[in-house]
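The values are calculated or read from the model by the stated rules, or taken from the named source; none is laboratory data. All of these numbers come straight from a predicted model, not from anything done at the bench. Neighbour counts are summed over all protein chains in view; Cβ atoms, including those assigned to glycine, are modelled from backbone coordinates with ideal geometry. Quick note on the areas: whole protein, heavy atoms, side chains included, nothing else; ligands and nucleic acids left out. Shrake-Rupley method; radii C 1.70, N 1.55, O 1.52, S 1.80 Å.
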Amino acid sequence: MTGDAPRRPPGTELVPALVNRLANTLPGLVPGAGLLVYGAEDGTDWARASAVAAALACGVLAVRGFRAGVRCEARRLVVRGFVWTRVIPRAAVTGVTDFPAVRWTAPGGRRRWTPVTAFVEVSEETGGTRSRKRSNTVSLRRWAARGQPPAEAGRESRRPGRGGRPGPPPGGRETRLPRPRRAFRLPR
């Protein structure tokens, strides 16, 4: 490598097994190949040009499917999906859900949710690939938990959709920053 090439910050790359990565390319490769065959068969220039343009878009989808995963760096989290890449500051990450998805807070205070499609489990996959995805999700949860400030520890977490009842403790099925407790005051 030359000294001019930009270097990525050190971090941990979490990606599915090679079999899954290759399978993630299929939603782009199969239609792309079909479009190229269609463009070659059709005689008009317009149909050929449209088929080539659509096949190029499918090629981008295939490459993004292969690269789908997560990069855990010291100060940020990079989530690469099929359509977009989201860069989340480590301080903004509030937890990792079972889906799996990363919960985080935007600078304006809005709560956000970014799915990690590369680690979603499918019922037809083998035990080894499922195990790799679960292992990656656990590693992502550990990374998220280590990045939390110590003052935040010890508070109770709450899961959405459960009527505000307390959720599981940190390190359980969902790792999330707990909300501060509010004192309940009786009316006088």
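Numbers for the structure displayed
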read-out	value
Given (1) surrounded by 15 or more Cβ atoms within 10 Å (Cβ to Cβ); (2) over 30 Å from Arg103 (Cα atoms); (3) among the hydrophobic types (A, V, I, L, M, F, W, C), number of the condition Leu77 does not satisfy	(2)
Residue in region 108-127 that is small (Gly, Ala, Ser), more than 13 Å from the chain's Cα centre (by Cα) and within 25 Å of Val19 (Cβ to Cβ) present	yes
Residue in region 51-59 that is modelled with pLDDT under 90 and either part of a helix (DSSP H, G or I) or open to solvent by less than 80 Å² (accessible area, probe 1.4 Å) (or both) present	yes
Count of residues meeting criterion [among the aromatic types (Phe, Trp, Tyr) and touching a helix residue (DSSP H, G or I) at 6+ places or on another chain (Cβ under 6 Å)] in region 52-96	2
Region 106-134, residues that are of a type in the set (Ser, Thr, Tyr) and at pLDDT 95 or above	Thr114
Among (1) over 17 Å from Val79 (Cβ atoms); (2) open to solvent by less than 70 Å² (accessible area, probe 1.4 Å) - the single one Ser123 does not satisfy	(2)
Residue, surrounded by the most Cβ atoms within 10 Å (Cβ to Cβ), within region 104-120, restricted to residues that are over 13 Å from Val15 (Cβ atoms) and of a type in the set (A, V, I, L, M, F, W, C)	Trp104
Tabulated pairs, region 38-62, first farther than 25 Å from Phe82 by Cβ, second charged (D, E, K, R) and in a loop (DSSP other than H, G, I, E, B), C-beta under 7 angstrom, 6+ apart or interchain	Arg48/Asp42
Qualifying residues in region 94-103 (those that are in a strand (DSSP E or B) and touching a residue at least 40 places away in the same chain (Cβ under 8 Å)) - the one most open to solvent (accessible area, probe 1.4 Å)	Arg103
Flag if Thr25 is surrounded by fewer than 16 Cβ atoms within 10 Å (Cβ to Cβ) and out of contact with any Ser or Thr (no Cβ under 9 Å at 6 or more places or on another chain)	no
Boolean, Ala91 is open to solvent by 20 Å² or more (accessible area, probe 1.4 Å) and either without any contact (Cβ under 8 Å) to a residue 24 or more places away in the chain or assigned to a strand (DSSP E or B) (or both)	no
